[in-house]
Amino acid sequence: VKRDAQAILLLALAAGLAKLSLTGTATRYVHAGMVPLLLLAAVLISVLAGFVLWRSLLDARRQGVPAASDMTAASAASVVTAASVASAASAASEVTAASAASEVTEASGASVVTAASAASDASASEGADPIAFNPLERVPEPSADADLAGPARIGWLLLVPIAVALVVVPPPLGADQAGRYGTELARHAPGGFGPLAEGEPVRLTLVEYAARAVADRGRSLAGRRVSLEGFVIAGTDGRPYLARLVVSCCAADARPVKVGLVGGVPAGLSPGDWIQVEGGYTDRLDRDPLSGHPIPYLDVSGLRRIDPPTHPYGAS
Amino acid sequence: MTVLEADEPPASATAGRVSRWWSRFASIEALVLALVLVVVARPWLVGLVASPRALAAAAVFVSLVLQATPFLVLGTLLTAGIAAFVPVPMLEGVLRRDSVGLVLTSPAISPVVLAATAVAFPGEPAFVLARVVAGLLAALAAGSLWRAAMRATGRPAVPPPVHARVLAGPRGWSGFADRSRRDLVRAGGVLVLGAGAVTTLAAVLPPRWLDTLAAFPAVAVVAAGLFAVLVSPRAETDAVLISALSQFSLTSRLVFLIVGPVVNLRRFAWQSTAIGPDFALRYAPVALVAAVVAGATMGGILL
């Protein structure tokens, strides 16, 4: 990857970071607390890439090379700028993430074609020796980090996550991840439990309910009605479980906490549906075959479907 | 020094028509082509990952890259800033001192690395401390092993030629921009490779495989060390990558973080070409064992 191309690659990376953080899509993959850092990274990368492109324009002009390479760099830069502007605009108008992504991709696609034609013009006008037109490119550039010696071609791989994040826009992890791993209760169980808060029903996180039900044998839950939110997964012998994914670093380490549902559970729930359930403690326990940890139960008295929450994961 | 610095030999110098043809497409044109392809192939790409498992793997992959990128950016800018703005005599003073080990593993313990580690392992301050102590121990060991391997292979005991790389090259803002741009692009590519490897282990292969491996503490430690050698992550990103493999004990994940900066495939390849295969073969295995022992010991004491 040559200098200008590297700068444009970095601009694309910055645009991707900015888009994910501004549209709120980033919380599907990382903690909300990381979003300011992602924005900071996007700003730093764009400033760096902008500086590199600007200098390369100056260099080209100083060499007396006509605007051929300038045009490529400038129009390609405008591609990425257009993409970031589009993403910022779509964030403001609260378009859904998927359609916003496609808009951005198409917008950049359109200007990419401009860049491509500019590029082919450039090489056509240069004639026989396309690699000699910017001698600066061949100056060896020492790296500060010895073990990074080797071709910078590996940098092309950066296009893969950018494409996956902006084109595929993977949904938050959910039922599939929860079915793949066993419930991990022990990791999240705090020490002692005080009495529940006032109110009937009491709103609890699924993680807290499970911890109280297992560690305390439900003592602090006795005689109370609780309300929990989570998504449905297929449990053992066809009965549904309610689950929530808990994240400690980023979505990559998401592990489920599961609660079994008995009582007034309607038929027709399918894995991945987000629901809010009300009910009371029951002393029934399953053991998750995947992790060996216990799965407590809730005796359901009321249930309604809800929209998936903005922050899909619980914190440990 | 020439071996070290001519990372990108001009393609036209050695090859004929074929590489000339290729060189036309080796930069912006290829990048543009790739972007166009992504746009054109979008329906196909989306269809490819339509299954829930593939989408989950894609989310895991993106989350690893996203979580690691800010720290990678800050770390790269920090390193490039030191190389470009710290006065040369001061740099030279630090580098010429007998701190071979520290130079060998230099980016392993920086504020950015420690911040990334603390974020990747929330609620585990002892883990960050263990990384500092074991990292220093491994650096000291690597330094003396380096000198021993130099002597054993009949070379004058010179420090690693990192010096030349840090001290050479333009300084000031242009030097800073060049270094950080180049390091960021490369380290980004390496991060993508590492994230791909971890995604494969965590979200593609059956979880039972890793569970089985992680169930035996000694096996987990050795496996984590070898995985670090293969993946060769940057110190700013390794904590994020290994945090996803939560089946592994904290100690084995610490070993991964300690081994990575000391011994890895990229370093091994570089040592083989720049110094000699005999040296690399003598140094790397012993340094690997030393780093594994340092990590496992500190893990045993502190975690």
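Show the residues, 5+ positions off or on another chain, whose built amide H is closer than 5 Å to the amide H of A:Arg287. The answer is A:Ile295.
Global dimensions of the stretch B:240-302 from alpha-carbon coordinates: Rg and Dmax equal 13.5, 38 Å. Using the Cβ atoms and a cut-off under 12 Å, what net charge is assigned to the surroundings of A:Leu221, where Lys and Arg are +1 and Asp and Glu are -1? In short, +1.
Over the C-alpha trace of the stretch A:205-246, radius of gyration and Dmax come out as 11.4, 29 angstrom.
The amide H of A:Leu261, built 1.01 Å from its N in the peptide plane, has A:Leu242, A:Leu298 as neighbours under 5 Å, considering only residues 5 or more places off or on other chains. Here the mean projected area of the convex hull built on the C-alpha positions of the stretch B:193-303 is 6.8 nm². Phi angles across the stretch A:173-182 convert, under the Karplus curve 6.51 cos²θ - 1.76 cosθ + 1.60 with θ = phi - 60°, into 3J(HN,Hα) values of 4, x, 4, 5, 5, 5, x, 7, 10, x Hz, Gly and Pro given as x. Inter-chain neighbour count for B:199-208: the average number of beta-carbon atoms from partner chains within 10 Å of each residue's beta-carbon is 2.
Pairs of alpha carbons in the stretch A:160-313 separated by more than 27 Å make up 20% of all such pairs. For A:Thr282, nonlocal amide neighbours, meaning residues 5 or more places apart or on other chains whose placed amide H falls under 5 Å from its own, are A:Tyr297, A:Asp299.
Net charge around B:Ala148, counting only other residues with Cβ within less than 12 Å of its Cβ (Lys, Arg = +1; Asp, Glu = -1)? Local net charge: +4.
Just to confirm a number: summing +1 for Lys and Arg and -1 for Asp and Glu over residues other than A:Ala175 whose beta-carbon lies under 12 angstrom from that of A:Ala175, what do you get? Once all neighbours under 12 Å are counted, the net charge is +2.
List the pair-distance distribution P(r) of the stretch B:180-240, using every Cα-Cα distance, as the percent of pairs falling in each 10 Å bin from 0 up to the bin containing the longest distance, rounded to whole percents. So the P(r) values, bin by bin, are 20, 45, 26, 8, 1. Put simply, the C-alpha atoms of the stretch A:198-289 give a gyration tensor, and the ellipsoid matching it has half-axes of 20, 17, 14 Å, longest first. Taken as Cα centroids, the stretch A:203-247 and the stretch A:42-57 sit 50 Å apart, rounded to the nearest whole angstrom. Rounded to the nearest whole Hz, the Karplus-based 3J(HN,Hα) values (6.51 cos²θ - 1.76 cosθ + 1.60, θ = phi - 60°) of the stretch A:302-308 follow the sequence x, 8, 9, 7, 10, 6, x, with x at glycine and proline. Find how many whole Å separate the alpha carbon centroid of the stretch B:106-144 from the alpha carbon centroid of the stretch B:189-212. First find each Cα centre; the distance between them is then 23 Å.
Ratio of Rg to Rh for the stretch A:243-316: 0.98 [Cα atoms; Kirkwood radius as inverse mean 1/r over pairs].
What separates the Cα centres of the stretch B:219-281 and the stretch B:54-96 is a distance of 17 Å.
Residue-wise HN-Hα couplings along the stretch A:40-49, as the Karplus relation 6.51 cos²θ - 1.76 cosθ + 1.60 with θ = phi - 60° gives them from phi, are 4, 4, 4, 5, 4, 5, 5, 4, 4, 5 Hz; Gly and Pro carry x.
The mean count of C-beta atoms from other chains within 10 Å of the C-beta of residues in A:44-52, rounded to a whole number, is 5. At q = 0.09, 0.16 Å⁻¹, work out log10 I(q)/I(0) for the stretch B:126-268 with the Debye formula, treating every Cα as an identical point scatterer and leaving solvent out; two decimals please. Each listed q maps to, in turn, -0.36, -0.98.
None of the figures in this text is laboratory data; all of them are computed from the coordinates on show. Everything numeric here is computed off the predicted structure, so don't read it as measured data. Methodologically, a virtual Cβ is constructed for each residue, glycine included, from the backbone with ideal geometry; neighbour enumeration extends over all protein chains shown.
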